[in-house]
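Notes follow the structure.
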Amino acid sequence: MLSISLFLVAFLNILLFIIYGFSDTPGVAYDIDYRVEDVASDYCGRSKSQIYFDDNKFEMKSVVEEITPNNEKLYFETQKKGTYLSLSENVYSMSFTEHTSNFIGNKRLPETPIINSFYSAERYLPNRNLIEIKHRSENYLILISFINGGQILALERH
Amino acid sequence: MTRAFKVKQFVLIEDSLFILDSKTNQQLRIGTHDLLTLKELCFHAGKIVSKESLLEKGWPGKIVSDSSLTQSIRNIRTLLGDNGKEQKWLKTVPKIGYVLDESIVHKISNESLSVDSYIEPLQKEAKLKKEIQKTNIPRLKRWLNCTNNLSCGFKLTILSLLLVSTANLSYKVYKLILIKQKTTKYPKISFAQGATTIYSYNTEFALEAGKGIDDWLDKNQMKPQRIDVLLLQENLSFAIVDQQGKITNKLILLEKGFENKQVVKLLVDEVSHAFN
């Protein structure tokens, strides 16, 4: 399962994401790169994103590669836009307003974990997409995100 | 005390704008000036009432010509069944004024039952009139219980301010509750030692996993900047920032019923793999 090699198909372009409090200066961009594995199957996936925060708005561009338990490779690109609201010092609520996707080579929406998480109806519900920042440094940010039902992530600052 | 007169079959009450026909027991509405003039003539029945006095009482605060009074006298005569030619009850005193025959005027005592019976329907009528007027007041004014635009505007402004502040307060309370609910969505720190921080509702797992990772780091002399782990019911995720600042993020989808020991072993293996 783990031996399946995963490659990113496309490069990330722009991930614009602004959250007041993520940084003292507006217009901050971060890279997010994570892998997903399932202990119960041969599924595995990888997502690379760039997110840019500016003036209570964000833009995020992601590239996802997923390999199903049937060894079917799925590629997926998505660009999201939205707004964020600071609920407290380290807690932010994100609202998605725009979503464009490209299922490379796939005519229907795959039901795989990462893509499902991107397309979950919760993404479009208010106050469901919470982020809790756990650590800030000059070069990176540690946060617990709503992604994949709750995931801790380290974001590398540009 | 209210004064009332009965002129032939007509009952006049000082404060009323109506007269009552005692024969038919119906109320009649005659012109305001005619009524005021007739009342003045009744007050001085049998005496000459000057034109000036009648004009003053019949058209209070107004300056009108004699022709208005002449017309009013004509109307009163018609009401009483009289006319200018015969002048049976209302006589003209040339160049001076008019006199109403006192034989047809009877003063009615206010205390007597009879006057009450006259007054009551008039009062009822007046009350009904007031209610009709009241129903003509716009609903908002009636609801605000105000009479003029200024007091209505003031009351409406106060009411609007109260509504806005209530809505604002409700929204803030709702938001606070919502924030509290949402901020408790993710687990708090259940293990923190050195570079390792674990967030989990399962403290037993957190302690075992934290110890396991620390042991491995010590054994292999690794000094990462941070290792952050989050364990939810079926999600195990970690973020590692190594000594050089290289970042590794991973999410492992767990099976239901995974035991702590299995998860700890899996996590330590993954961490060691990330450093190799």
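The values are calculated or read from the model by the stated rules, or taken from the named source; none is laboratory data. All of these numbers come straight from a predicted model, not from anything done at the bench. For neighbour counting, all protein chains shown are included, and Cβ atoms are generated from backbone atoms with ideal geometry for every residue, glycine included.
Name the residue that is farthest from B:Val268 (Cα to Cα), counting only residues in the stretch B:226-245 that are more than 7 Å from chain A (Cβ to nearest Cβ) and not in a strand (DSSP E or B).
B:Gln244
With the requirement that a residue be in contact with a helix residue (DSSP H, G or I) (Cβ under 6 Å, 6 or more places away or on another chain) and away from every other protein chain (no Cβ under 14 Å), what does the stretch A:30-63 give you?
The answer is none; no residue qualifies.
List, please: which pairs have Cβ atoms under 7 Å, are six or more places apart or on different chains, and start with a residue in the stretch B:150-170 that is within 19 Å of B:Pro138 (Cα to Cα) and end with one that is in a helix (DSSP H, G or I) and at pLDDT below 90?
B:Cys152/B:Lys141; B:Cys152/B:Leu144; B:Lys155/B:Leu144; B:Leu156/B:Leu144
Restricting to the stretch A:114-142, and then to whatever is within 11 Å of another protein chain (Cβ to nearest Cβ) and within 12 Å of the chain's Cα centre (by Cα), can you tell me which residue is modelled with the highest pLDDT?
A:Ile131
Condition test on A:Phe7, is it at pLDDT below 90, in a strand (DSSP E or B) and either farther than 21 Å from B:Asn235 by Cβ or not aliphatic (A, V, I, L, M) (or both)?
no
Report, by residue number, each residue of the stretch A:49-68 that is within 30 Å of B:Gln262 (Cβ to Cβ) and crowded, with 20+ Cβ neighbours inside 10 Å.
A:Val64, A:Glu65, A:Glu66
Quick one: B:Leu54 ticks every box in (1) in contact with a Lys or Arg (Cβ under 8 Å, 6 or more places away or on another chain); (2) modelled with pLDDT of 90 or more except a single one, so which number is it?
(1)
Of everything in the stretch B:246-268, what is surrounded by fewer than 13 Cβ atoms within 10 Å (Cβ to Cβ) and either at the interface with another protein chain (Cβ under 9 Å from one of its Cβ atoms) or within 18 Å of A:Val36 (Cα to Cα) (or both)? Give them in sequence order.
B:Glu255, B:Lys256
Filter the stretch A:69-104 for residues that are in contact with a Ser or Thr (Cβ under 6 Å, 6 or more places away or on another chain), β-branched (Val, Ile, Thr) and more than 13 Å from every other protein chain (Cβ to nearest Cβ) and give the result.
The answer is A:Thr78, A:Thr83.
Condition check: over 21 Å from B:Phe10 (Cβ atoms) and either surrounded by 15 or more Cβ atoms within 10 Å (Cβ to Cβ) or modelled with pLDDT of 90 or more (or both). Does B:Ser72 satisfy that?
No; evaluated as a whole, the condition is false for this residue.
Would you say A:Ser62 is among the small types (Gly, Ala, Ser), closer than 21 Å to B:Ala274 by Cβ, at pLDDT 90 or above and not in a loop (DSSP other than H, G, I, E, B)?
no
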